[in-house]
Amino acid sequence: MTEITRAPGPDSRPGCGVGRYAPSPSGDLHIGNLRTAVLAWAFARAAGKGFVLRIEDLDRVRAGARERQLADLEAVGLDWDPPVVVQSDREPEHRAVVADLTRRGLTYECFCTRREIQAEIAAAGGAPHGAPGAYPGTCRDLSAAERERRRRDRPPAVRLRAQAQEVTVVDRFAGQVTGTVDDMVLLRNDGRPAYNLAVVVDDAHQGVDQVVRGDDLLLSAPRQAHLADLLSLPRVTYIHVPLVVNAEGARLAKRDGAVTLEDLQAAGFGVPDVMGWIGRSLGLPGSVATASDVLDSFTLLDLTGGPWVFHPPGKLSDSGVQP
Ligand code: GLU
């Protein structure tokens, strides 16, 4: 594991809590990811908090992506407190937490394939509680004999026996967000921890009390808060920020053109240009060229404008400057 250790931020004050950025190493960070990372860092530092990173590598991992992501975060001027946690290193902890929930009677084995779940939802005329994708509970009450038989066909996933509680969280921008917690997967059927569980366990492990991330994850927050409650872990405060989108309004992706730091640099744009665009997208006045410029004018931050539409520039000579 690559350990990049940096001194704790000069402004972090003991007892003020910790913010974090938790990228998935599935590829290079694009300007939307960088903007969210800068915001997470600035929200933490502006509040005197520590700031930590976590590499969320339980899904698809691209070789070298983790190292390039850390290098890009450093290049835009972020600092963080060691150690950088690599989520897969913590799988034994995740499994121990699920074992504990199982001892408390709060889990069950699920043998459904994705297709079977979709068919069940379609046959029932919709997902439970009208929540898209919510698990219809097919395996909730299987007999021991039936579970034994099904285990011979395929390994089970482990789900939370959630009892459909409504959980409300407060988001800094969205306000009160209420979701019905469904029987979410805790361990996938390949034995690996599922995202919602790992996030909650690892945020607590890292002392995180402030979560800043893209608003595509807003509806995960009630589930995660519920898990924190069940595990007697402190709830975090949530700040979901608008995503960066392409000209069609879809979430920005690498295929949209020059969107990574490397691509933008190849097109003739440096970190100060990129940070300048990010600063303008945040409504910050004056010339922003570094992450610390964002922090300096943080009280003027304006995120009320919705998603930021990013037009990938062409070559510098094409005057591909952001509007
Ligand atoms: N790893 C997730 C992502 O890159 C973020 C999870 C989170 O911030 O809770 O989309």
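The values are calculated or read from the model by the stated rules, or taken from the named source; none is laboratory data. Every value quoted in this text rests on a predicted model; they were computed, and no experiment measured them. When we count neighbours, we look across all protein chains shown, and the Cβ atoms used for this are built from the backbone with ideal geometry, even at glycine.
What the table below lists for this structure:
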{"read-out": "The range 181-203 - residue that is surrounded by 18 or more Cβ atoms within 10 Å (Cβ to Cβ) and among the acidic types (D, E) and, of those, farthest from the ligand (Cβ to nearest atom)", "value": "D183"}
{"read-out": "Condition broken by G125, with the remaining ones in (1) closer than 19 Å to Q163 by Cα; (2) part of a loop (DSSP other than H, G, I, E, B); (3) more than 20 Å from the chain's Cα centre (by Cα) satisfied", "value": "(1)"}
{"read-out": "Residue match in the range 128-139 (condition: more than 24 Å from H240 (Cβ to Cβ) and modelled with pLDDT of 95 or more)", "value": "yes"}
{"read-out": "Count of the range 240-254 residues which are in a loop (DSSP other than H, G, I, E, B) and touching a Pro at 6+ places or on another chain (Cβ under 6 Å)", "value": "2"}
{"read-out": "Considering residues of the range 211-239 that are assigned to a loop (DSSP other than H, G, I, E, B) and in contact (Cβ under 8 Å) with a residue 24 or more places away in the chain only, the residue surrounded by the fewest Cβ atoms within 10 Å (Cβ to Cβ)", "value": "P234"}
{"read-out": "For A157: the one exception among (1) surrounded by 14 or more Cβ atoms within 10 Å (Cβ to Cβ); (2) at pLDDT below 95; (3) more than 16 Å from the ligand (Cβ to nearest atom)", "value": "(2)"}
{"read-out": "Strands (runs of 3 or more DSSP E) within the range 1-113 that include 1 or more residues away from the ligand (no atom under 16 Å from the Cβ)", "value": "50-55, 107-110"}
{"read-out": "Residue check, D100 at pLDDT 95 or above and either in contact with a Leu (Cβ under 8 Å, 6 or more places away or on another chain) or surrounded by fewer than 15 Cβ atoms within 10 Å (Cβ to Cβ) (or both)", "value": "yes"}
{"read-out": "Cβ pairs under 7 Å, 6+ apart, first in the range 12-30 and of a type in the set (V, I, T), second within 11 Å of the ligand (Cβ to nearest atom) and not in a strand (DSSP E or B)", "value": "V18/V208"}
{"read-out": "Q206, sole failed condition from (1) touching a helix residue (DSSP H, G or I) at 6+ places or on another chain (Cβ under 6 Å); (2) surrounded by fewer than 22 Cβ atoms within 10 Å (Cβ to Cβ)", "value": "(1)"}
